[in-house]
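Notes follow the structure.
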Amino acid sequence: MNEDHSEPELEPHAHLALYLETLRARLPEEQFGALAEAVREAAALLAEGREGIVDAGEELHPDLHQEFTTVLTILATGRMDHRRVEMTADDGSQLSAMVDPATADDPARLEEIRGFLQRWHLEKRAVEEQLDGIARASGCGGTDA
């Protein structure tokens, strides 16, 4: 007889299916539908080994961005034990990352991640400012127009 009473390991897709079913039960149908469509797009990109942007636009309610991140983390890792860590950039912007438990408990590693996210945040903001300037110069408006 097996004396090990631990839960059996679930297949990675089983973790994802379980989490999606909990979301289906607690979200309004239209919000779950938008989230599920964004997840399908992301899963297709991952399956093809491609990078890309999933544009859920207005359909993905702002409250669902964290759920979308959680679903993508489960999809990518096959695990459900990740943690969301919040960090503050030098300019005061709030940054977050999904990390495994060991990383969440490692201050040095979290500082490395904060540095990476800060650089990414600054680069993204610089590109947005350039695009806004180009749009204003070309008469197409911009975020301030």
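The values are calculated or read from the model by the stated rules, or taken from the named source; none is laboratory data. Note that the structure is predicted; figures quoted are calculated from it, not measured. Cβ: placed from backbone, ideal geometry, glycine included. Neighbour counts: every protein chain shown. When the accessible area is computed, the model is the full protein with side chains, heavy atoms only, and any ligands, DNA or RNA have been set aside. Shrake-Rupley method; radii C 1.70, N 1.55, O 1.52, S 1.80 Å.
Yes/no matrix, rows are residues, columns are (1) assigned to a helix (DSSP H, G or I); (2) more than 21 Å from HIS65 (Cα to Cα); (3) at pLDDT below 95:
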position: LEU95; (1), (2), (3): no, no, yes
position: PHE116; (1), (2), (3): yes, no, yes
position: ARG125; (1), (2), (3): yes, no, yes
position: LEU131; (1), (2), (3): yes, yes, yes
position: ALA145; (1), (2), (3): no, yes, yes
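Residues that are open to solvent by 70 Å² or more (accessible area, probe 1.4 Å) and either small (Gly, Ala, Ser) or more than 18 Å from VAL39 (Cβ to Cβ) (or both) within region 68-87 comprise ALA76, ARG83, GLU86, listed in sequence order.
The requirement of being modelled with pLDDT of 80 or more, open to solvent by less than 70 Å² (accessible area, probe 1.4 Å) and within 27 Å of ARG109 (Cα to Cα) is fulfilled nowhere in region 20-36; no residue meets it.
Answer yes if at least one residue in region 58-66 is buried (at least 17 other Cβ atoms within 10 Å of the Cβ), closer than 23 Å to THR22 by Cβ, in contact with a helix residue (DSSP H, G or I) (Cβ under 6 Å, 6 or more places away or on another chain) and modelled with pLDDT under 85, and no otherwise. Yes, region 58-66 contains at least one residue that is buried (at least 17 other Cβ atoms within 10 Å of the Cβ), closer than 23 Å to THR22 by Cβ, in contact with a helix residue (DSSP H, G or I) (Cβ under 6 Å, 6 or more places away or on another chain) and modelled with pLDDT under 85. Given the structure, is ALA104 farther than 21 Å from ARG125 by Cβ, open to solvent by less than 70 Å² (accessible area, probe 1.4 Å) and modelled with pLDDT under 90? So ALA104 fails the test.
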